[in-house]
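Working notes, structure below.
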Amino acid sequence: MPSERSAPSFLAAAVPVIAALALLPRFAGIYQIELITYGLAFAIAALGFNLLLGYTGLLSFGHSAYFGTGAYTVAFIARDLGIHSMELSILGALVSSLLVSALFGYVCVRHTRIFFGILTLALSQVLWSLAFKFFWITGGTDGLRVPRTGVTLLGGLIDFKGAGAYQRFVFSYYYYVLAIFVIAALIMWVIVHSPFGKALQAIRDNETRAGFVGIRVRRYRWIAFIISGVFTGLAGALWVPLNGLTTPEVLYWPFSGEIVFMTVLGGFRTFIGSMVGALAFNYLKVYAVASSQYWQLVLGSVLVAIVLVLPSGIVGAFGQPPPWVSRAAASRSLFVRASLALLLLLYLFLSISQFTQAVGLSGDVAGIVGTLALMAAILSCFLLIVLIHHRGTAIDHGWLVIAALLPPLGFLVSRAMGAPALFATAALGASLFLFPIALGASLPSRKLAERGA
Amino acid sequence: MAILETIGLKRYFGETRAVDNVSLRVEEGEFVSLVGPNGAGKTSLINVITAHLKAGSGRILFQGKDITNASVTERVRLGIARSFQIVNVFDDLSTFDNVALAIFSRQGKTAHLGALAHRDKAVIDEADGILGQFGLTGKRDDDARDLAQGERKLLDVALAYAMKPKLLFLDEPTSGVSTRNKAQIMDTIAQVVRGQGITAVIVEHDMDVVFKYSDRIVVMAQGAVMAQGTPDEIRGNDQVAMTLLGTSGPDAFGQGSFPQKG
């Protein structure tokens, strides 16, 4: 169930994260800052989406509609009213997404399960086709431009004219989105912990009984739908100046699917899951797109793998462990074997990814293989962390930590000292041979292992 | 004045007459037991009165007011609450949150989006009080799905009780519970309900329980009311003994309990 942490512990967990995000521009480059700004905007959308999925038990396949409504509203306000103040644009986007989600929600909440999902999908595609066909209003497939440096923030206090406008925009806008994100997350946290939020969870658990304790199920679903739509609309509004352009693509159903995926990826049963999922998904997608023109293949494979091994999502994995983790964490010998296997995979995938770079392979195959291998390596590393977290006795296995850290460290050091990539890769690959030996040395005798398991 | 009155209430499922022309009065403050063999229409009658099922025909009056077409939530707001034969609670919420939710709802606070539920001292105290009354304090923070069957039954009743109803329907509050726990659960329920002067209608198969706690017993068979009266009147009714036990005579009910369902 969604986390039941009290306010102080939630704030205690949130403050360091916010502080780290606030300090980020000191360390990260302009490109990373932009990526995270995108991620934060998507996180607001996922947060809104998850009020429906995680807390009310309704799976919407049409949240692109509200994101797109927010985005197009900002574009219309800029083009037709000549207003470039971000605050006024956001206000407009909130109102328009409220109206659209109130209308669509009124129709959709009369149904649940697949019927609800199909209705949300169908209605969102109505908006998409409007944006697509009425090109004299919406710009059609060309979309509408909202120049990044044209907007003003904080009622005109900050504008982006003159030299270095683009850089100033990226940094200012990052803080702007971060501030709104923090406020939005706080508001959502209060909503899900309010009596209203409890009522939504009750509806999710048992609609019939919710009615019999006097909750007006349909009305509450509708209100949740509207809040959800408004959050997503806000995300769309923040996204536009960043992207510089809005096209019908943000109204199209695959984008609804991406919002679903962000939330499932992070874990829809926890409050922070959707936000973590949005940031992670954004990174995955960006790197997949950069790797090859067949980026959907890369992204799809990674997402399938993640859902298979971590059905409860990235954040959910630290709560209720997936079955394979709880089995592996329960027995010493299984734990040792599973962690060694993961380490092996980690190095294997790292080596493959480095190898494709080192020998200078190019083209789609190298792009796909290299990126897939890198993502698989990151996933293996993450699974190892999850496993150790649930075993809770990492100190017993200090050698494991050392084994995990030494080769990548050696690799990084050799790269940093200017060794050729091929040499470093060879060093990394060589460490693979150590593993059968480590495996043999560290495993308890077979008899013991069997008894342990 | 009768708190509840049904007039010629009917509900058929095809050929099956689940509720067949039931005219029933329940007086304020009564503890009424609804008994009858499986399929007699006891649960269907409760479902129709609480709007879980639509009435086919007939009228339902609550405190003299016609509620035949009122929705579930409207009837709940008027003061009709119920528990379920098959446990119907919020499995993913804690025991405490289950009860607290019912209180929030009763007080109209579920419309509040900007208040923190865990800061509402009055509701917390009341919910803890109810958990205490039902002996669930020890399971306060467990998810409802992790409770034992008997505890889940009690939680189901506690949810209905937390609505502070005027009229409370309890559909087999002890079914699926071991005989040992049964008396304890019934004692708890009877004590709480009588203590608050709540009018209660209870479906029960255990005739010892029925005779012990009821002011009045209503016997149903094939969707219709077959007999009603005080425990003593019902005990002496040969026709009822035949229907319920398949045997009659002065000692029929003394020989043990009614056959259990499930």
The condition of being assigned by TED's automatic domain parsing to the domain that holds A:S256, of a type in the set (G, A, S), without any contact (Cβ under 8 Å) to a residue 40 or more places away in the chain and over 29 Å from A:N206 (Cα atoms) holds, among A:S89, A:S85, A:S129, only for A:S129
By residue number, the members of region A:285-296 that are assigned to a helix (DSSP H, G or I), over 19 Å from A:M275 (Cβ atoms) and of a type outside the set (A, V, I, L, M) are A:Y287, A:S291, A:W295, A:Q296
For the structure I just gave you, tell me whether A:F10 is within 14 Å of chain B (Cβ to nearest Cβ) and either in a helix (DSSP H, G or I) or charged (D, E, K, R) (or both).
yes
Selection over region A:131-143 where residues are hydrophobic (A, V, I, L, M, F, W, C) and surrounded by 15 or more Cβ atoms within 10 Å (Cβ to Cβ) yields a count of 2
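Quick grid of which residues meet (1) modelled with pLDDT of 90 or more; (2) surrounded by 14 or more Cβ atoms within 10 Å (Cβ to Cβ):
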{"residue": "A:F10", "(1), (2)": "no, yes"}
{"residue": "A:A13", "(1), (2)": "no, no"}
{"residue": "A:A19", "(1), (2)": "no, no"}
{"residue": "A:F27", "(1), (2)": "no, no"}
{"residue": "A:E34", "(1), (2)": "yes, yes"}
{"residue": "A:T37", "(1), (2)": "yes, yes"}
{"residue": "A:L47", "(1), (2)": "yes, yes"}
{"residue": "A:L53", "(1), (2)": "yes, yes"}
{"residue": "A:L59", "(1), (2)": "yes, yes"}
Considering region B:244-254, residues that are outside any loop (DSSP other than H, G, I, E, B) and modelled with pLDDT of 70 or more, and then whichever is nearest to B:G36 (Cα to Cα), we arrive at B:L244
Practice task
Would you check if there is a residue in region A:200-209 being buried (at least 22 other Cβ atoms within 10 Å of the Cβ), closer than 26 Å to A:V95 by Cβ and in the same structural domain as A:L103 (by TED's automatic domain parsing)?
Solution key: yes
Notebook entry, point to check: Just a yes or no: is a residue in region B:73-92 more than 7 Å from chain A (Cβ to nearest Cβ), without any contact (Cβ under 8 Å) to a residue 24 or more places away in the chain, of a type in the set (S, T, Y) and under 20 Å from A:R219 (Cβ atoms)?
Noted result: no
- Is it fair to say B:G236 is surrounded by 13 or more Cβ atoms within 10 Å (Cβ to Cβ), at pLDDT below 80 and of a type outside the set (K, R)? yes
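Looking only at residues that are among the aliphatic types (A, V, I, L, M) and facing chain B (nearest Cβ under 9 Å) in region A:217-226, which one is nearest to the chain's Cα centre (by Cα)?
Of region A:217-226, the ones among the aliphatic types (A, V, I, L, M) are A:217, A:223-224, A:226.
Adding the requirement that they be facing chain B (nearest Cβ under 9 Å) leaves A:217, A:223.
Details: A:V217: 30, A:I223: 25 Å.
It comes out as A:I223.
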Within region B:193-208, restricting to residues that are in contact (Cβ under 8 Å) with a residue 60 or more places away in the chain and part of a helix (DSSP H, G or I), the one that is farthest from B:P165 (Cα to Cα) is B:M207
Cβ pairs under 6 Å, 6+ apart or interchain, first in region A:21-38 and more than 20 Å from A:W239 (Cα to Cα), second exposed (fewer than 10 other Cβ atoms within 10 Å of the Cβ) and modelled with pLDDT of 90 or more, ordered by first then second residue, are none
Note: among A:L299, A:L374, A:L340, A:L345, just one is among the aliphatic types (A, V, I, L, M), under 20 Å from A:G267 (Cβ atoms) and part of a helix (DSSP H, G or I), namely A:L299
Note on A:V286: of the conditions (1) β-branched (V, I, T); (2) farther than 27 Å from A:R204 by Cβ; (3) free of Cβ contacts under 8 Å to residues at least 60 places away in the same chain, unmet is (3)
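Go over the candidates A:F160, A:F255 one by one and state the one that is more than 20 Å from A:L58 (Cα to Cα) and modelled with pLDDT under 95.
Going through A:F160, A:F255 in turn, the sole match is A:F160.
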Checking B:G135, B:G176 in turn, the sole residue that is surrounded by fewer than 21 Cβ atoms within 10 Å (Cβ to Cβ), more than 18 Å from B:I46 (Cβ to Cβ) and more than 14 Å from chain A (Cβ to nearest Cβ) turns out to be B:G135
Condition set more than 13 Å from A:L47 (Cβ to Cβ) and among the β-branched types (V, I, T), scope region A:254-295, selection surrounded by the most Cβ atoms within 10 Å (Cβ to Cβ): answer is A:V264
Note: among A:G214, A:G236, A:G229, A:G257, just one is touching a strand residue (DSSP E or B) at 6+ places or on another chain (Cβ under 9 Å) and more than 10 Å from chain B (Cβ to nearest Cβ), namely A:G236
If you go through B:A160, B:A241, B:A227, B:A190, the only one that is within 14 Å of chain A (Cβ to nearest Cβ) and either part of a helix (DSSP H, G or I) or touching a strand residue (DSSP E or B) at 6+ places or on another chain (Cβ under 6 Å) (or both) is B:A160
**Asked** In this structure, is B:L24 more than 14 Å from chain A (Cβ to nearest Cβ), assigned to a strand (DSSP E or B) and surrounded by 19 or more Cβ atoms within 10 Å (Cβ to Cβ)?
**Response** yes
When restricted to A:S96, A:S124, the only residue part of a helix (DSSP H, G or I) and within 29 Å of A:Y283 (Cα to Cα) is A:S124
B:L170 meets each of (1) more than 10 Å from chain A (Cβ to nearest Cβ); (2) assigned to a helix (DSSP H, G or I) with one exception, condition (2)
Residues of region B:93-112 being free of Cβ contacts under 8 Å to residues at least 60 places away in the same chain and under 16 Å from A:R216 (Cα atoms), in sequence order, are B:L101, B:I103, B:F104, B:S105, B:R106, B:Q107, B:G108, B:K109, B:T110, B:A111, B:H112
Going through region B:129-142 in order, the residues found to be modelled with pLDDT of 90 or more and either under 16 Å from B:V76 (Cα atoms) or out of contact with any helix residue (DSSP H, G or I) (no Cβ under 8 Å at 6 or more places or on another chain) (or both) are B:G129
Of the residues in region A:302-321, those that are in contact with a helix residue (DSSP H, G or I) (Cβ under 7 Å, 6 or more places away or on another chain) and outside any helix (DSSP H, G or I) come to A:A317, A:F318, A:P321
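The values are calculated or read from the model by the stated rules, or taken from the named source; none is laboratory data. On a predicted model such as this, the values are computed, not experimentally measured, just so you know. Please note: Cβ atoms are built from the backbone with ideal geometry, for glycine as well, and neighbour counts cover all protein chains shown.
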